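Let me begin by presenting the structure, written as structure tokens, before commenting on it.
FYI, it's all coordinate maths here, none of it is from the lab. The shown structure was predicted, so the numbers you read here are calculated from the model rather than taken from an experiment. Here the Cβ positions follow ideal geometry from the backbone for every residue, glycine too, while neighbour counts run over all protein chains shown.
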Amino acid sequence: MKANYSGCALCDATWGDYHRTVEGTNFFFCCSICADAFENMVKEVKKVSGWSCVDSVEISGNYSNGRNCVAKRGMDEMRYFFRHENGVVTEFRKTAE
């Protein structure tokens, strides 16, 4: 699985030293909260899309305003918006394709 950030896979921060494997890829996160949010977001994508796995995720936005994302699996993609609180997804909705 690929993510678009070079720092933390969720927020792009470069501090911290937390790692977690999600979808078979070892990702860098700044903290366990970002790792929880990222992992829970991927689970929600799989549940809503019906996909068995996610190939890549592109994330833009931030904690305060929420994040607009594009998940891809092969030639398919799903655009969505999500927010989290302490790593738990509190809002998730598909957006215009």
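Looking at the range 1-58, which of the residues that are farther than 28 Å from M75 by Cβ and among the polar types (S, T, N, Q) is nearest to the chain's Cα centre (by Cα)?
Applying the filter and picking the extreme gives S32.
So which residues in the range 21-34 are farther than 16 Å from S56 by Cβ and touching a Ser or Thr at 6+ places or on another chain (Cβ under 8 Å), if there are any at all?
Listed by number, the list holds a single entry, C30.
Count, please, the residues in the range 1-17 that happen to be over 18 Å from G61 (Cα atoms) and surrounded by 15 or more Cβ atoms within 10 Å (Cβ to Cβ). Talk me through it step by step, then tell me what you get.
Step one: list which residues in the range 1-17 are over 18 Å from G61 (Cα atoms), which gives 1, 15-17.
Of the ones still in play, those that are also surrounded by 15 or more Cβ atoms within 10 Å (Cβ to Cβ) are 1, 16.
Total satisfying the criteria: 2.
Give the range 43-82 a look and list any residue that's surrounded by 12 or more Cβ atoms within 10 Å (Cβ to Cβ), within 19 Å of V22 (Cα to Cα) and basic (K, R), or say none.
Across the range 43-82, the qualifying residues are K43, K46, R67, K72, R73.
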